[in-house]
Every structure is written in C-alpha cells, then in structure tokens.
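In what follows, a structure is listed as structure tokens, so that the remarks can point back to it.
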Amino acid sequence: MSLFTCPSISIRGISLFTYPSISIRGVSLFTSPSISTRGMSIFGFASWSKLQGSKDDDWADRVSHLYTVVLLALFTVLVSSGQYVGDPIHCWCPAQFTSAYISYTKNICWISNTYYIPLDDTIPRNIDERQDKEISYYQWVPIIFLFQALLFKIPNVMWRMLNGTGGLNMDKLVQMSESTQLGKPEDRDRTVMHVAKYIDRWLLAHRQYHYNLLVRLRQRFSNIFCFWLAKREGRFLTGFYMLTKLLYCVNSISQFFLLNAFLAMDFHMYGFDLLSRLVHDGELSVASPRFPRVTLCDFEIRQLQNLHRYTVQCVLPINLFNEKIFIFLWFWFVIVLFVSFGSYMSWLYYVLFSHNRYRYVKKYLKIGDHIRNKADVKLARKFSDEYLRDDGVFVLRVVCNNSSELVLNDLVTELWHLFRGNPNNQGARVPLQGGRRGDSPGGSIASNGRAVTIPTLEMTDEELKEELNPSAEPPKAD
C-alpha cells in the first residue's frame with residue numbers, strides 16, 4: 001500500500017518525476033528541482049536550478065555567495081571524509097607497542113597536535129621549542145571551511161533581508177520578467193504589462209510629494225553622500241546594493257588574513273611563492289612546512305607511579321589533500337577578489353554619474369523608436385531623472401542582467417507609455433496607434449484620421465504643425 005505518491009508529468013512519452021507546484025501569472029512558487037535534457041529528469045534533488053540562487057543580483061555576486069559557498073561545502077565533505085571515515089594519521093610506534101597502544105598513540109597524537117622538524121635538523125631537547133613548531137590547524141580544517149562559507153553568504157543574506165524593506169520583491173519581479181522569454185505572445189504582453197504597472201506603482205509610492213526646508217536639507221545631505229539610503233530620493237535600493245557590493249569586496253580581502261591567522265603563515269603570499277618557485281626552479285614544488293606529511297608527536301603514558309615519555313614519527317595523509325585544496329583556494333580567492341572589486345567599481349561608475357542613467361534608458365527608447373524630436377529628448381530626460389531615478393534604473397539593470405535585453409526593451413516601452421499617460425507628467429504625448437495603452441486622458445485633436453494629444457511642452461509652430469500633420473504637404477497658393 002502506497003503511503004505517499006507524487007503526480008508525474010509525461011512529455012513526448014517520457015515520464016518526468018515532479019512534485020506539486022503552485023504558479024501565479026506564470027511564475028512558479030513551489031517547484032521540484034530537476035536537471036533535464038530533452039525531457040529527461042536526472043537527480044531531482046541535486047539539480048542545477050537549486051544552485052542558481054536568487055535573481056535579485058548579478059553574476060559577480062553569485063560567484064561569492066553561491067559558487068564559492070558550494071565549493072567550500074564540497075571541500076568540507078572531502079576533508080571530513082578523510083578525517084572521520086579513514087585514518088587521518090599513522091604513527092611509527094616502538095616494537096613493544098601492542099595494538100591497543102598503537103591505537104592510543106594515533107588518537108592522542110591526532111587530538112594533541114604534532115610538530116614539524118625537518119629530517120636534516122636535530123630534534124630540540126627543550127619542550128618549549130618543540131611546542132613553538134606545533135601544527136594545530138589540521139583538525140579544524142572542515143570547521144574553518146564552513147566558517148568561510150558563512151562569511152561569503154552573509155552579504156547576500158543581508159541584501160535579501162534589506163531589499164524587501166524597499167517595497168519591491170526583486171526576485172519575483174525578475175522571475176516574472178524572465179518567464180516571458182518563451183511564453184506565448186499574448187501571455188508575454190500581459191505579464192510585461194503587469195510587471196510595468198507594479199514598478200510604476202512602486203515608483204509613484206516612493207516619490208517626494210512634500211517640499212520644505214527639512215526635505216531640502218535631506219536632499220542636499222543625500223547628494224553630498226552620493227546615494228546612500230534615501231528612499232524618497234530614489235536611492236534606497238541602490239544604496240543598500242552598493243553597500244552589499246562593498247561587503248563582498250571586504251570579505252574577499254579578509255579571507256587571506258583569516259587564513260594567515262589560521263595557518264600561522266603568510267597565506268596571502270602563498271600563490272606568489274609557488275609561482276616564483278615555478279619560474280626559478282622550473283618545477284612547481286608544493287611541499288611546505290605548513291603542510292608537512294611527516295611530523296613528530298610527544299606523549300606520556302602513566303604506568304603505576306611512573307611517567308614514560310615517547311616521541312614517535314607520524315604521517316599525515318590528510319595534509320596531501322589540505323595542501324592542494326589551499327593552493328586552489330588561494331587562486332580562487334584572487335579571482336573572486338578581482339571579480340568583486342571590478343563589479344563594484346563598474347556599478348559605482350553607473351551610480352555616481354547621472355548621465356549613465358539617462359544614456360541607459362535612452363538606448364532602449366531609441367530601439368523602440370520612441371525618441372523622434374527634441375521634445376521626446378526632453379521627455380526622456382525627465383523619464384530617467386524624475387520618474388525612474390536611481391532605484392528605477394537599478395531595477396531595470398538587474399532585470400536585464402538576469403533575463404535579456406529583449407525583455408528589458410518591452411518593459412521600458414511599457415513604463416514609457418505609463419509615464420506619458422500620467423497627466424502629472426507634463427509633456428506626456430502618447431501616439432495613439434490602434435488604441436495603445438497608456439493613452440493620456442487629456443484632450444486630443446483628430447488629424448488625418450489619428451488622434452494626437454496636445455503637447456504641453458514648449459514647441460515652435462513648425463514643430464507643432466509637423467507633430468499634428470507630419471505627412472501633409474505644405475498648402476499650395478491659390
């Protein structure tokens with residue numbers, strides 16, 4: 001008798017094992033992860049879709065909070081299996097030791113640390129000198145990997161928590177936009193319209209409607225500090241995102257100093273030392289005194305009233321893996337550092353200079369052929385600087401980074417129509433072609449069979465005539 005059953009979906013005669021899902025407007029809220037190729041589901045729980053992370057950031061952020069975290073988790077499993085499944089240490093014991101003595105020796109040497117003395121050097125008689133050369137990190141390697149993974153994840157957790165306070169669900173917004181790429185034309189237009197109206201309401205809800213001395217002082221303070229955390233000034237999400245980007249950079253740098261303290265070595269120079277050896281010696285000798293294979297261990301055994309001290313030589317096979325892992329991590333952390341810093345600087349350039357905001361929006365307005373004269377140029381400037389502002393353009397950039405420019409082009413077009421259809425936006429002239437949505441509620445004039453809303457921007461007589469009757473020829477003199 002079956003106690004638990006799950007529905008299955010068949011595509012092209014191939015049964016796909018899935019779980020129940022709930023979707024709203026084409027966006028699935030609860031789905032089963034799966035990796036499929038031409039309709040075949042493989043490893044339902046170990047799917048790539050679960051590793052794609054959230055959709056409210058860019059690929060540089062995911063290098064830190066997703067791929068690096070997964071990498072550190074895999075290394076944790078690898079090292080832990082070597083420590084707790086196999087024998088992490090083997091010691092060469094005196095001949096009179098029984099099997100119980102040998103087992104005790106391995107355990108006591110593993111938990112009480114070993115020390116490294118090169119084979120060509122004499123073992124110091126002073127116990128304190130031996131303790132100075134102790135290697136105490138290898139038992140804690142899995143723990144330090146998990147701690148590093150936590151540090152890489154913290155900025156993303158903060159961003160997910162804080163961007164929700166801005167009143168916009170970035171993750172679901174991007175998912176809805178992304179779902180339109182392969183949808184039906186009618187579903188695509190409807191979803192894009194819903195997303196645009198959602199963004200439009202959010203933008204209008206965070207506008208500044210009252211102007212007084214306090215508001216002006218706050219605006220001036222916000223302008224001095226570039227963009228930080230001004231919700232009514234349209235810089236709230238942008239400020240938090242830039243703070244998150246900065247945390248990614250700080251975390252990438254701090255990883256080197258953390259491993260410096262943990263390994264008791266100059267880990268930040270570790271990769272350079274390896275490359276220097278490769279250049280001068282012609283070989284990549286990775287043997288390091290911080291990852292020795294052969295160590296020494298001192299321990300005492302009490303027999304009645306006598307203490308017997310033994311010094312045995314031990315082998316640490318786990319250090320063979322540790323050394324290779326830390327070499328890889330050094331180069332990986334360097335890559336993460338450059339990726340995080342480069343992404344932060346590029347976003348900082350986009351945010352600090354307002355002309356980048358206008359140029360970004362104007363590019364998509366030109367693609368849609370929405371800028372045709374000087375009046376449209378002025379209106380596009382108002383659209384980017386007063387309507388979208390920093391947060392609106394930031395949302396558009398995130399949508400583009402996680403979907404496609406085609407989706408963003410449709411979204412900008414819808415926002416443009418909504419903007420021009422708002423009577424509070426002076427100069428909002430909407431070309432009425434087949435009753436496009438976003439028509440201005442203001443008065444219109446019929447000219448050559450098409451209705452045109454009278455523009456409120458200042459225009460010359462020639463521009464006005466051309467706008468009302470662009471295809472008409474100049475009247476001939478009788």
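The values are calculated or read from the model by the stated rules, or taken from the named source; none is laboratory data. All of these numbers come straight from a predicted model, not from anything done at the bench. Here the Cβ is made from the backbone with ideal geometry for all residues, glycine too, and neighbour counts use every protein chain on show.
List the number of the failed condition for residue 279; all other conditions in (1) part of a helix (DSSP H, G or I); (2) β-branched (Val, Ile, Thr); (3) surrounded by 14 or more Cβ atoms within 10 Å (Cβ to Cβ) hold.
Checking residue 279 against (1) part of a helix (DSSP H, G or I); (2) β-branched (Val, Ile, Thr); (3) surrounded by 14 or more Cβ atoms within 10 Å (Cβ to Cβ), the one that fails is (3).
Take residue 153 and decide whether it is among the basic types (Lys, Arg) and in contact with a strand residue (DSSP E or B) (Cβ under 7 Å, 6 or more places away or on another chain).
Details: among the basic types (Lys, Arg): yes; in contact with a strand residue (DSSP E or B) (Cβ under 7 Å, 6 or more places away or on another chain): no.
When the stated conditions are applied, residue 153 does not pass them.
Can you say whether residue 152 is at pLDDT 90 or above, assigned by TED's automatic domain parsing to the domain that holds residue 308 and surrounded by fewer than 19 Cβ atoms within 10 Å (Cβ to Cβ), as far as the supplied structure shows?
Working: at pLDDT 90 or above: yes; assigned by TED's automatic domain parsing to the domain that holds residue 308: yes; surrounded by fewer than 19 Cβ atoms within 10 Å (Cβ to Cβ): no.
Judged against the criteria, residue 152 is not a match.
Any idea which residue in region 163-181 is modelled with the lowest pLDDT, counting only those that are more than 17 Å from residue 400 (Cβ to Cβ) and part of a loop (DSSP other than H, G, I, E, B)?
167
For region 122-157, which residues satisfy the criterion of being in a helix (DSSP H, G or I) and of a type in the set (Val, Ile, Thr)?
Within region 122-157, the subset in a helix (DSSP H, G or I) is 127-132, 138-157.
Matches in region 122-157: 127, 141, 143, 144, 154, 157.
All but one of (1) in a helix (DSSP H, G or I); (2) acidic (Asp, Glu); (3) touching a residue at least 24 places away in the same chain (Cβ under 8 Å) hold for residue 298; state the number of the condition that does not hold.
Of the numbered conditions (1) in a helix (DSSP H, G or I); (2) acidic (Asp, Glu); (3) touching a residue at least 24 places away in the same chain (Cβ under 8 Å), the odd one out for residue 298 is (1).
Can you pull out the residues in region 83-121 that are touching a Phe, Trp or Tyr at 6+ places or on another chain (Cβ under 6 Å) and assigned to a helix (DSSP H, G or I)? Explain how you work it out, then say what you get.
Step one: list which residues in region 83-121 are touching a Phe, Trp or Tyr at 6+ places or on another chain (Cβ under 6 Å), which gives 89, 108.
Once the filter is applied, which keeps residues that are touching a Phe, Trp or Tyr at 6+ places or on another chain (Cβ under 6 Å) and assigned to a helix (DSSP H, G or I), region 83-121 yields only 108.
Any chance region 309-317 includes a residue that's loosely packed, with under 13 Cβ neighbours inside 10 Å and assigned by TED's automatic domain parsing to the domain that holds residue 77?
Restricting attention to region 309-317, the residues satisfying the condition of being loosely packed, with under 13 Cβ neighbours inside 10 Å are 309, 311.
This time we only want the ones that are assigned by TED's automatic domain parsing to the domain that holds residue 77, so: 309, 311.
There is at least one residue in region 309-317 that is loosely packed, with under 13 Cβ neighbours inside 10 Å and assigned by TED's automatic domain parsing to the domain that holds residue 77.
A quick yes/no check of all residues on (1) at pLDDT below 85; (2) touching a Leu at 6+ places or on another chain (Cβ under 8 Å); (3) assigned to a helix (DSSP H, G or I):
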residue: 194; (1), (2), (3): no, no, yes
residue: 198; (1), (2), (3): no, yes, yes
residue: 210; (1), (2), (3): yes, no, no
residue: 216; (1), (2), (3): yes, no, yes
residue: 223; (1), (2), (3): yes, no, yes
residue: 226; (1), (2), (3): yes, yes, no
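Taking only region 78-111 into account, find how many residues are surrounded by fewer than 12 Cβ atoms within 10 Å (Cβ to Cβ) and of a type in the set (A, V, I, L, M).
The total comes to 4.
Would you be able to say whether some residue in region 375-392 is modelled with pLDDT of 90 or more, within 18 Å of residue 189 (Cα to Cα) and charged (D, E, K, R)?
Looking for residues that are modelled with pLDDT of 90 or more, within 18 Å of residue 189 (Cα to Cα) and charged (D, E, K, R), one finds none in region 375-392, hence no.
If you take the residues in region 124-134 that are under 15 Å from residue 299 (Cα atoms) and surrounded by 12 or more Cβ atoms within 10 Å (Cβ to Cβ), which one is nearest to the chain's Cα centre (by Cα)? Walk me through how you get there before you give the answer.
Just the residues of region 124-134 that are under 15 Å from residue 299 (Cα atoms), to begin with: 125-128, 130-131, 134.
Checking which are surrounded by 12 or more Cβ atoms within 10 Å (Cβ to Cβ) leaves us with 130-131, 134.
Values: 130: 46, 131: 43, 134: 39 Å.
Of everything passing the filter in region 124-134, 134 is nearest to the chain's Cα centre (by Cα).
Can you list residue pairs whose Cβ atoms sit under 9 Å apart, with the first residue in region 254-281 being touching a residue at least 60 places away in the same chain (Cβ under 8 Å) and hydroxyl-bearing (Ser, Thr, Tyr) and the second being surrounded by 15 or more Cβ atoms within 10 Å (Cβ to Cβ) and assigned to a loop (DSSP other than H, G, I, E, B)? Count only pairs 6 or more apart in sequence or on different chains.
Pairs found: 270/288; 270/290.
If you check 160, 190, which single one turns out to be farther than 23 Å from residue 236 by Cα and either modelled with pLDDT under 85 or part of a helix (DSSP H, G or I) (or both)?
190
May I ask you to list the residues in region 326-349 that are crowded, with 16+ Cβ neighbours inside 10 Å, farther than 30 Å from residue 290 by Cβ and polar (S, T, N, Q)?
343
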